[in-house]
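Novice: Just dropping this structure here.
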Amino acid sequence: MVAAMDRVDPATRSRIMASVRGRDTKPERTIRRVAHSLGYRFRLHRRDLPGCPDLVFPRLKLALFVHGCFWHSHEMCRKARPPTSNIRFWLEKLSGNRERDRRAYAALELAGWRVAVIWECELGSSESVYARLREVLPPRTGLGGAIGAHSVYERVDAATSIKSRNAPGS
């Protein structure tokens, strides 16, 4: 099999690859903003935990990874296609990333943590981000989780319905 040539010169490719960030990426910042707006508090990049999860919810014992589809080889995702140049290097690199992820997940679960992964391709719209986080995180309750407290979602819905009932012309 003949490898395709790279579309940019080596200096440009080097500059592009050097600009790739490992933390504080746009998908990660999006997840953090939504989780915070839903009332969750978390820690970032806990180096004392296996795999250094992107977001850690200590009270929930949840380690959340926000993975880029390319770097972590998201199956059946169009963003996860390996480059056509330097094929051997990339296949080894990406399979090594997948194996490292598997080891980190296993170590976290062994230590009693729940592990969740949100993929870059799942972050299309604000609604999809909220929906994905609701799958991963339990509803927050008011009053520190007191019995009989309503979830944040229920309080927002109730406040909206009260405002609409008190609107002029109702």
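Novice: Would you tally the residues in region 123-140 being open to solvent by 60 Å² or more (accessible area, probe 1.4 Å) and more than 16 Å from Lys61 (Cβ to Cβ)? Give the derivation first.
Specialist: Residues of region 123-140 that are open to solvent by 60 Å² or more (accessible area, probe 1.4 Å), as a first pass: 124, 126-127, 130, 134-135, 139-140.
With more than 16 Å from Lys61 (Cβ to Cβ) added as a condition, the list becomes 124, 126-127, 130, 134-135, 139.
Count: 7.
Novice: Considering every residue within region 62-83, establish whether at least one is in a helix (DSSP H, G or I), more than 12 Å from the chain's Cα centre (by Cα) and at pLDDT 90 or above.
Specialist: no
Novice: Next up: What's the number of the condition Asp101 fails, among (1) more than 13 Å from the chain's Cα centre (by Cα); (2) at pLDDT 95 or above; (3) not in a helix (DSSP H, G or I)?
Specialist: Just one mismatch for Asp101, condition (3).
Novice: Could you tell me whether region 106-121 includes any residue that is surrounded by 12 or more Cβ atoms within 10 Å (Cβ to Cβ), basic (Lys, Arg) and at pLDDT 95 or above?
Specialist: yes
Novice: List the pairs whose first member sits in region 66-84 and is under 23 Å from Arg43 (Cα atoms) and of a type in the set (A, V, I, L, M), whose second member is open to solvent by less than 80 Å² (accessible area, probe 1.4 Å) and modelled with pLDDT of 90 or more, and whose Cβ atoms are under 6 Å apart, counting only residues at least 6 apart or on separate chains?
Specialist: Between residues of region 66-84 that are under 23 Å from Arg43 (Cα atoms) and of a type in the set (A, V, I, L, M) and residues that are open to solvent by less than 80 Å² (accessible area, probe 1.4 Å) and modelled with pLDDT of 90 or more, the close pairs are Val66/Glu28; Val66/Ile31; Val66/Asp54; Val66/Ile118.
Novice: Right, next: So, of the residues in region 75-104 that are open to solvent by 40 Å² or more (accessible area, probe 1.4 Å) and touching a Ser or Thr at 6+ places or on another chain (Cβ under 9 Å), which turns out to be nearest to Pro53 (Cα to Cα)?
Specialist: Arg98
The values are calculated or read from the model by the stated rules, or taken from the named source; none is laboratory data. Quick caveat: nothing in here was measured; it's all calculated off a predicted structure. Using ideal geometry, Cβ is built from the backbone for each residue, glycine included, and neighbour counts are taken over all protein chains shown. To get the accessible areas, we keep the full protein, side chains included, count just its heavy atoms, and leave off ligands, DNA and RNA. Shrake-Rupley method; radii C 1.70, N 1.55, O 1.52, S 1.80 Å.
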